[in-house]
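Read through the structure below, which is laid out as structure tokens, and then see the notes.
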Amino acid sequence: MPVEQSALMEKLVALTKRRGFLFQSSEIYGGINGCWDYGPMGVELKRNVKDAWWRAMVRDRDDVVGLDSSILMHPMAWRASGHIANFADPMIDCKRCKKRYRVDEIDPAYEDTGIAPTVCPDPKCKGELTAARKFNLMFETHLGPVAESAAKTYLRPETAQGIFVNFQNVVNSTRIKVPFGIAQQGKSFRNEINPRNFTFRSREFEQMEMEFFCKPGTDDTWFEYWVGQRRQWYADLGMNMDKLRLRQHDQAKLSHYSKATTDVEYLFPFGWGELEGIANRTDYDLRQHQIGMRSVGKWQGQDLQDFPLVDEDKEEFSSGKLSYFDDEEKRRYIPFVIEPAAGADRATLAFLCDAYDEDVANNETRVVLRLHPRLAPIKVAVLPLVRKEGMPERGQAIYGDLRKRWNAMYDDSAAIGKRYRRQDEVGTPLCITIDGDTMKDGSVTVRERDSMQQQRIAADVLSRFVEEKLA
Ligand code: ATP
């Protein structure tokens with residue numbers, strides 16, 4: 001049954017709190033803006049999203065390897081990557097109501113015109129706005145006990161740079177050859193001006209990024225390939241393709257390092273939003289880190305904002321330390337990079353929005369999360385009809401068997417209808433009921449979440465049956 005989009009977000013926020021998917025961070029202290037905690041159900045769901053990504057991007061492929069780099073990096077990495085100078089959003093404050101806005105969000109034309117609005121967009125306020133200022137989104141922190149500028153570094157705002165700085169290590173420690181990719185998942189931090197739309201824009205979030213290194217000249221083909229692969233990943237996990245679109249960035253508005261960018265967007269209840277960006281980053285990052293490597297020897301702890309990087313020497317660069325020796329071509333070059341960069345929290349939120357459904361059964365509205373079985377936090381629940389006549393013991397034995405292979409749950413705590421509803425609300429694809437007949441002939445009832453149909457299955461073929469249903 002289609003759920004009214006304007007009401008969906010509110011219903012979803014309530015459901016995810018009620019059933020333990022998502023909580024506001026530090027809620028007992030009144031919360032902290034832009035940070036979220038995943039509860040018992042949410043942590044399983046997000047883990048399944050990340051596992052599905054890892055499987056598709058690393059395990060099922062021969063040409064991509066994994067990495068887990070540290071969140072804190074040498075500050076020069078952020079100078080070289082351009083984040084210290086450029087990772088900033090234009091912001092503006094209202095002098096009357098004190099609200100802070102991202103200028104490009106309240107006036108999309110700002111990017112082209114450079115002319116900032118002057119009056120608060122809040123119709124109830126309409127106060128005068130300050131001039132626009134650049135606000136760097138990186139969180140600063142200090143290494144060691146003395147908060148002096150020499151020890152200043154940043155919480156990473158993306159996982160990608162940890163991959164670039166390890167390019168050489170990975171090439172030297174594996175036998176992998178271009179074209180190949182390095183993938184990583186992990187926390188990133190951005191001091192977003194306006195965290196909002198639930199987990200969509202948070203200050204602490206998790207990314208799933210892959211840098212695919214290829215020979216210059218083959219980059220356009222690989223770019224198209226990865227756009228296709230990434231779209232297909234969402235389709236394979238059951239996403240409604242009417243709500244997914246690819247949006248190519250305008251050539252004129254591309255980031256300084258990018259030759260082409262296409263976003264995968266999902267139609268959230270609050271409008272279209274980016275799930276991931278696929279960018280052709282050219283050889284920008286590896287080149288920059290080569291410059292960074294040469295510059296770091298001259299750095300004595302000065303403010304990195306003004307620290308001049310050693311100039312680029314084109315000839316030397318294609319044979320420098322971060323270049324790659326192609327033994328088929330017998331030459332060195334700096335590989336080009338195609339980057340599919342996704343957000344684990346945004347993907348999780350999109351799958352939740354997509355899965356939320358209501359239908360009417362026995363004159364009652366049923367809330368059901370129609371999650372793909374691979375994403376469902378609990379795959380199968382075992383429910384003894386009553387807490388007597390040996391049913392709990394039999395149920396526990398079946399549960400013990402199933403949990404060896406799947407995340408299963410045992411629940412004997414309320415009327416059976418109520419227990420079904422609970423499982424529907426967290427998206428459990430299968431419920432197994434132990435009843436009087438189980439005690440006589442060993443059969444159990446299997447109820448499917450989506451159709452609510454029930455069938456009797458002999459307990460000794462249950463495992464195979466569940467396996468087929470969850471495939
Ligand atoms: P936006 O334009 O929405 O700020 P972005 O283009 O800056 O996003 P990227 O730098 O391309 O985002 O990061 C890659 C992915 O990381 C995004 O597609 C998104 O899924 C995720 N991501 C980025 N910022 C956030 C955030 N503040 N909260 C949650 N996820 C984020």
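When region 181-203 is examined, which residues are found to be near the ligand (Cβ under 8 Å from one of its atoms), in a loop (DSSP other than H, G, I, E, B) and in contact with an Asp or Glu (Cβ under 9 Å, 6 or more places away or on another chain)?
Hits for region 181-203 are R190, E192, T199, F200, S202, R203.
Hey, can you tell me all the residues within region 232-253 that are part of a loop (DSSP other than H, G, I, E, B) and more than 12 Å from the ligand (Cβ to nearest atom)?
L237, G238, M239, N240, D250
Just need a number here: residues in region 192-247 that are of a type in the set (G, A, S) and either surrounded by 20 or more Cβ atoms within 10 Å (Cβ to Cβ) or outside the structural domain of I338 (by TED's automatic domain parsing) (or both).
1
How many residues does region 254-283 hold that are closer than 30 Å to L349 by Cβ and not in a loop (DSSP other than H, G, I, E, B)?
20
With the condition kept exactly as written, say whether any residue in region 204-221 is in contact with a Phe, Trp or Tyr (Cβ under 7 Å, 6 or more places away or on another chain) and within 12 Å of the ligand (Cβ to nearest atom).
Looking through region 204-221, at least one residue is in contact with a Phe, Trp or Tyr (Cβ under 7 Å, 6 or more places away or on another chain) and within 12 Å of the ligand (Cβ to nearest atom).
Any chance region 464-471 includes a residue that's β-branched (V, I, T) and either open to solvent by 10 Å² or more (accessible area, probe 1.4 Å) or part of a strand (DSSP E or B) (or both)?
No, region 464-471 contains no residue that is β-branched (V, I, T) and either open to solvent by 10 Å² or more (accessible area, probe 1.4 Å) or part of a strand (DSSP E or B) (or both).
Checking the conditions here, which among P123, P108, P145 is within 16 Å of the ligand (Cβ to nearest atom), free of Cβ contacts under 8 Å to residues at least 12 places away in the same chain and exposed (fewer than 14 other Cβ atoms within 10 Å of the Cβ)?
Step by step, each of P123, P108, P145 is checked, and only P108 is within 16 Å of the ligand (Cβ to nearest atom), free of Cβ contacts under 8 Å to residues at least 12 places away in the same chain and exposed (fewer than 14 other Cβ atoms within 10 Å of the Cβ).
Name the residues in region 107-132 that are modelled with pLDDT under 90 and outside any loop (DSSP other than H, G, I, E, B), would you?
Of everything in region 107-132, those that are modelled with pLDDT under 90 and outside any loop (DSSP other than H, G, I, E, B) turn out to be Y110, E111, D112, T113.
Touching a helix residue (DSSP H, G or I) at 6+ places or on another chain (Cβ under 8 Å), under 30 Å from Q168 (Cβ atoms) and either within 16 Å of the ligand (Cβ to nearest atom) or outside the structural domain of L237 (by TED's automatic domain parsing) (or both): does that describe V337?
Yes; evaluated as a whole, the condition is true for this residue.
What pairs come up if the first residue lies in region 50-69 and is modelled with pLDDT of 95 or more, the second is of a type in the set (D, E), and their beta carbons are under 9 Å apart, counting only those six or more places apart or on different chains?
Taking only residues 6 or more apart or on different chains, the pairs are K50/E206; A52/D236; A56/D236.
Within region 148-182, take every residue that is among the hydroxyl-bearing types (S, T, Y) and touching a helix residue (DSSP H, G or I) at 6+ places or on another chain (Cβ under 6 Å) and give me the one that is most open to solvent (accessible area, probe 1.4 Å).
Looking at residues that are among the hydroxyl-bearing types (S, T, Y) and touching a helix residue (DSSP H, G or I) at 6+ places or on another chain (Cβ under 6 Å), I get Y154.
Count, please, the residues in region 26-49 that happen to be within 16 Å of the ligand (Cβ to nearest atom), surrounded by 16 or more Cβ atoms within 10 Å (Cβ to Cβ) and free of Cβ contacts under 8 Å to residues at least 40 places away in the same chain.
1
The values are calculated or read from the model by the stated rules, or taken from the named source; none is laboratory data. Fair warning: this is a prediction, and the values are worked out from it, not measured in the lab. Virtual Cβ from ideal backbone geometry, glycine too; neighbours counted across all protein chains shown. What goes into the accessible areas is simple: the full protein's heavy atoms, side chains included, and nothing from ligands, DNA or RNA. Shrake-Rupley method; radii C 1.70, N 1.55, O 1.52, S 1.80 Å.
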